[in-house]
1. Across bins of 5 angstrom width beginning at 0, how are the C-alpha pair distances of the stretch 1-123 distributed, in whole percent?
2. What does the charge add up to near residue 132, with Lys and Arg as +1, Asp and Glu as -1, over the other residues with Cβ less than 12 Å from its Cβ?
3. Whole angstrom only: what separates the Cα centroid of the stretch 79-109 from the Cα centroid of the stretch 172-242?
4. Please list, in order along the stretch 127-133, the HN-Hα scalar couplings obtained from phi with the Karplus expression 6.51 cos²θ - 1.76 cosθ + 1.60 (θ = phi - 60°), rounded to whole Hz, x for Gly and Pro.
5. When the Debye formula is applied to the Cα atoms of the stretch 4-249, each taken as the same point scatterer, what base-10 log of I(q)/I(0) results at q = 0.07, 0.09, 0.15 Å⁻¹?
6. Sort 137, 165 by Cβ crowding within 10 Å, fewest neighbours at the top.
7. Who wins for biggest fluctuation among 101, 16, 219 in a Gaussian network model of the chain, springs between alpha carbons below 10 Å?
8. Where nothing but the Cβ of Lys and Arg (+1) and of Asp and Glu (-1) is charged, how large is the charge dipole of the stretch 4-249 around its Cα centre, in debye to the nearest 20?
Amino acid sequence: MPLAIRALHVGTMVDHPKRSVTFGRGDGITVDVVVIMFLITGGDHPIIVDTGTGSPEETLARHGFPFVRPPEQAPLAALAAAGVDPAEVKTVVNTHLHWDHCSNNDLFPNARILVQKEELAYAIDPLPTNQWTYERRAGIEPCWMKGFDRIETVEGDVDIMPGVRIVHLPGHSPGSQGVVVDAPSGPYLIAGDCVTYHENWDGDERLAHIPSGGVTNMHDFFASFDKIEQLGCTVIPSHDPRVVARGVFA
Ligand SMILES: [Zn+2]
């Protein structure tokens, strides 16, 4: 069966500051930031890329963000609608360990969880400016600890299945990674927060590509943009409403 990607919509952060999406742009503007769990089918088992946030209650309590998730967008409901039993998923890839990308890793009891070694190290001891997004603070267990015993670290670019490979794309965080999928209509890149919205990849009059609002190393970020250009893939951003509107990339 040919490889295909489905973007499962698992909630929306509403009225979110746009400056978190586009570096140095959007002050005073708010946008809807969709949370996406990507499903790759067509290989010998389903692969999940990123697992989204916790519940609206947990999101509000831990992060103070208004977050909307109608019942059909609950991760288990979205998986069921896509015809996937979480127990069949043998591989989860976290593009990075920010809370909105890994808070449901525990829904996949039989999956290895692939994370860049550098990302895991950074999540344990992030800079003070990044502690919030890794939930590295007193009194709570960080989201990325869910399924911790099944985390397998990877370093750099790694093939994980015929036609599916991890590519290291640092800059948004030290161990950010994307996933290239060789679907029949061409290779696609699930870009993680290296490309948050289409606007980030499309750029503007000043920049060919616009980093996200969150950056740990701007040199790395632009090197990752260069690397994506070399890959020659269609880029799938991590939080753009247009991605869930399209839904399927095959
Ligand atoms: Zn992030």
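1. 2, 11, 19, 22, 19, 15, 8, 4, 1, 0
2. Result for the local shell: +1.
3. The two parts, judged by their Cα centres, are 21 Å apart.
4. Taking θ as phi minus 60°, the curve returns 4, x, 5, 10, 4, 5, 6 Hz for the stretch 127-133.
5. -0.20, -0.33, -1.02
6. Taking fewest neighbouring Cβ atoms as first place, the list is 137, 165.
7. 219
8. Taking the Cα centre of the stretch 4-249 as origin, the dipole is about 200 debye.
Each reported figure results from applying straightforward, stated rules to the coordinates on display, with no laboratory input. Note that the structure is predicted; figures quoted are calculated from it, not measured. For neighbour counting, all protein chains shown are included, and Cβ atoms are generated from backbone atoms with ideal geometry for every residue, glycine included.
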